[in-house]
Amino acid sequence: MFMFLPFLCALLVALAALSGREKPALCLWVVLLAVALASFSYHVTSPLALAF
Amino acid sequence: MNTSQKPLADLGRQLNLLGVLGVSLALLIAFYYQLALRELPCPLCLLQRAGLIMVGLAFMLNVRFGERGRHYAMALIGAVVTGGIALRQVLLHIVPGTGAYGSAVFGVHFYTLAWVSSVATVLYVAVLLLRFRRESAPLVAGQGGWTVRLALGLFVALIAANLVSTLLECGTGQCADDPVVYEWLQR
């Protein structure tokens, strides 16, 4: 995943909101969520050294 | 709209604006450590910033388009995402001897602060929802005054600054797990 993508999506959400377009802002926010989760999943690779 | 609802609606907008300012403050502190102390954010740190921005955007939508249940749901989802990412980083360093990433503020590292702030966000949204009665009207042009314009402008500028900073640090690909240089500035 490309690390700048979440911030690009976030900027587009903000600009859509400022220009009064709620639906595009909501849709782009969902894209932002998906990109952030995909990027998180990409980086969660090493197992945690924990024992409970 | 019933006029008796107006003060409540205005208070809701003000409290949401306070939420936007809180997220902006957190992003400003992160930038201070990045620029003044030259601590480059790791991929998980950047994702925590993105999570905080998701929360801030939800508050911003409430300010711009009026309070909506779905905007509050977005704020809660953003807080849970931020908390989950932060918790992962806390657990990476929780075992003694596994070190830490970055500076500590008052003895607490940023990822721990991010987790605490995500829990605080959930509580804050819960309080906002307790007083939320009905959906308010969107802002019309010129409404809200300079405080709204300044607060939202600062928040958008910080998002843009994060985009530029991430491009400089990571380029158009993934970030190094332990970044030490701005990739684009090394070319």
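Taken together, the values in this text are just the output of simple stated rules run on the coordinates, not laboratory data. Please read all numbers here as calculations on a predicted model, not as lab measurements. No Cβ is skipped: glycine too gets one built from the backbone with ideal geometry, and neighbour counts run over all protein chains shown.
Tell me, what HN-Hα J-couplings in whole Hz come from the Karplus equation 6.51 cos²θ - 1.76 cosθ + 1.60 at θ = phi - 60° for each residue of segment A:43-52, using x for Gly and Pro?
8, 8, 10, 7, x, 7, 8, 10, 9, 10
Suppose every K and R has +1 on its Cβ and every D and E has -1 on its Cβ; what is the size of the dipole of segment B:95-187 about the Cα centre, in Debye to the nearest 20?
Values: 5 positive and 5 negative charges, 121 e Å.
Dipole size: approximately 580 debye.
How large is the dipole of the protein assembly as shown about the Cα centre if only Lys and Arg carry +1 and Asp and Glu carry -1, each at its Cβ, rounded to the nearest 20 debye?
Working: 15 positive and 9 negative charges, 163 e Å.
It comes to approximately 780 debye.
Over the protein assembly as shown, with a single point scatterer placed on each C-alpha, what log10 of the ratio I(q)/I(0) does the Debye formula yield at q = 0.15 1/Å?
Debye curve over Cα of the protein assembly as shown, log10 I(q)/I(0) at q = 0.15 Å⁻¹: -1.00.
For every helix of n ≥ 4 consecutive DSSP H residues, a contribution of -39,500 (n - 2.57) applies; sum these over chain A, divide by its total residues, and give [θ] at 222 nm rounded to the nearest 500 deg cm²/dmol.
Helices in chain A give a 222 nm mean residue ellipticity of -23500 deg cm²/dmol.
Hey, got the dipole for chain B? About the Cα centre, +1 on K and R Cβ, -1 on D and E Cβ, debye to the nearest 20?
Details: 13 positive and 8 negative charges, 148 e Å.
The dipole of chain B has a size of about 700 debye.
Is it possible to state the helix-based mean residue ellipticity at 222 nm for chain B, with each DSSP H run of 4+ residues giving -39500 (n - 2.57), the sum divided by total residues, to the nearest 500 deg cm²/dmol? What is it?
Numbers: 5 runs with 125 residues, N = 187.
Result for chain B, helices only: -23500 deg cm²/dmol.
For the charge dipole of the protein assembly as shown, defined by +1 on Lys and Arg C-beta atoms and -1 on Asp and Glu C-beta atoms about the Cα centroid, which residue among B:VAL81, B:LEU113, A:LEU50 has the Cα displaced farthest towards the positive pole?
B:VAL81
If you take the beta carbon distance between B:ARG149 and A:PHE52 as r and set R0 to 41 Å, what does 1/(1 + (r/R0)^6) give as a FRET efficiency, to the nearest 0.05? Each step should come with its number before you reach the end.
Values: r = 50 Å, r/R0 = 1.22.
With a Förster radius of 41 Å, E is 0.25.
Note down the relative contact order for segment B:56-168 as a percent, whole number, built from C-alpha pairs under 8 angstrom at least six residues apart. Display every interim value, and only then the final one.
Working: 76 pairs, mean separation 37.9, N = 113.
It comes to 34 percent, rounded to a whole number.
Rounded if a/c is under 1.5, else prolate if a/b beats b/c, else oblate: with a ≥ b ≥ c from the C-alpha gyration tensor eigenvalues square-rooted, which is chain A?
On the way: a/c = 4.20, a/b = 2.95, b/c = 1.43.
Prolate is the answer for chain A, as a/c is 1.5 or above and a/b outweighs b/c.
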